[in-house]
């Protein structure tokens, strides 16, 4: 979906412009997904950073609606795979079949050939089928019968995982969890927001809100390209490495985060800076994405399960112990926007610039 023609039609975006578009997308999605702005922002960070998102939560909390809403508003092709124990790898990637009219073998693409794929209950399918999807996630391509086929660009996987049902499930191993850029939990709605959701349903007299597409695949690629113009100072690079190293030397952690975790933190922090209308990363950006970006990449020691200590708790402790670098604020002439205080918003949307996104 990209190339010389696409580059000519899609303007080059500044980080501020990309952030304004991202907030417009979130505002539109909130017409359908009520009361989950923090979760929506985290998913948007993952989409902007060019990664895949794992949503781990209970049934009925709007995970499917969230994925479908992102596809609609971003103008992306959307497919859904309901993972079951009898699902085969060819059901995901596609397979060749015999065309009786031509007498030739013709490849029939699977649902993975799309822009945004919802992998629903990914832990309900056997490891062989999981691996077929994870290969596509890591390589952006599918190899069948010795032929490699590129997936569309952009390609985003939003996978869901039910954390409470273990019968008939195949838990994703840590090496495969590492392929997801971040993990998101939605949680129950507060009482006021749940009442507002029910009132909206009664007022519109239709099952779901009709959302307006605000972009195209090429525009999403341009928004991602804007991240490459977000500066990361050397002291922040050292800070990211210190956080990663802190997970490896922690007595509560059996296996620490891989180097892929450091790359994820950098890209997520850049995406958060874009959401704040900045072209540079601050320490608060790294802190805000540390738990969703690292907690699923570490393996805790078995005895912590009995004590009900989660990976989120341990990573939060690592963030608290690692010294935060002191950066020199830039002048107004060096930055495209000067938010007041809070990091998830842009001035045009009236958002503060240093409050943790989804924290």
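The values are calculated or read from the model by the stated rules, or taken from the named source; none is laboratory data. Please read all numbers here as calculations on a predicted model, not as lab measurements. FYI the Cβ positions are ideal-geometry reconstructions off the backbone, even for glycines, and counts take in every protein chain you see.
Table for the structure above
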{"item": "Which listed residue is within 28 Å of residue 219 (Cα to Cα) and either in contact (Cβ under 8 Å) with a residue 40 or more places away in the chain or under 24 Å from the mean Cα position of the chain (by Cα) (or both), from 117, 88", "result": "117"}
{"item": "Answer from 292, 336, 251 - the residue that is surrounded by fewer than 23 Cβ atoms within 10 Å (Cβ to Cβ) and either assigned to a helix (DSSP H, G or I) or at pLDDT 90 or above (or both)", "result": "251"}
{"item": "Options 49, 32, 22: the member that is under 18 Å from the mean Cα position of the chain (by Cα) and either at pLDDT below 95 or under 30 Å from residue 171 (Cα atoms) (or both)", "result": "49"}
{"item": "Filter result for the condition that a residue is touching a strand residue (DSSP E or B) at 6+ places or on another chain (Cβ under 9 Å) and surrounded by fewer than 17 Cβ atoms within 10 Å (Cβ to Cβ), over 107, 113", "result": "107"}
{"item": "Criterion violated by residue 173 - all others in (1) loosely packed, with under 14 Cβ neighbours inside 10 Å; (2) not assigned by TED's automatic domain parsing to the domain that holds residue 16 satisfied", "result": "(2)"}
{"item": "Any hit, the range 85-93, residues being at pLDDT 90 or above and touching a strand residue (DSSP E or B) at 6+ places or on another chain (Cβ under 7 Å)", "result": "yes"}
{"item": "Any chance residue 297 is surrounded by 22 or more Cβ atoms within 10 Å (Cβ to Cβ), in contact (Cβ under 8 Å) with a residue 60 or more places away in the chain, farther than 16 Å from residue 318 by Cα and not assigned by TED's automatic domain parsing to the domain that holds residue 45", "result": "no"}
{"item": "Number of the condition not met by residue 140 [criteria: (1) outside the structural domain of residue 30 (by TED's automatic domain parsing); (2) surrounded by fewer than 21 Cβ atoms within 10 Å (Cβ to Cβ)]", "result": "(1)"}
{"item": "Complete set of residues in the range 177-219 that are assigned to a loop (DSSP other than H, G, I, E, B) and surrounded by 14 or more Cβ atoms within 10 Å (Cβ to Cβ)", "result": "178, 179, 180, 181, 185, 186, 189, 209, 211, 214, 215, 216"}
{"item": "Residue among 272, 278 that is surrounded by 24 or more Cβ atoms within 10 Å (Cβ to Cβ), in contact with a strand residue (DSSP E or B) (Cβ under 8 Å, 6 or more places away or on another chain) and assigned to a helix (DSSP H, G or I)", "result": "272"}
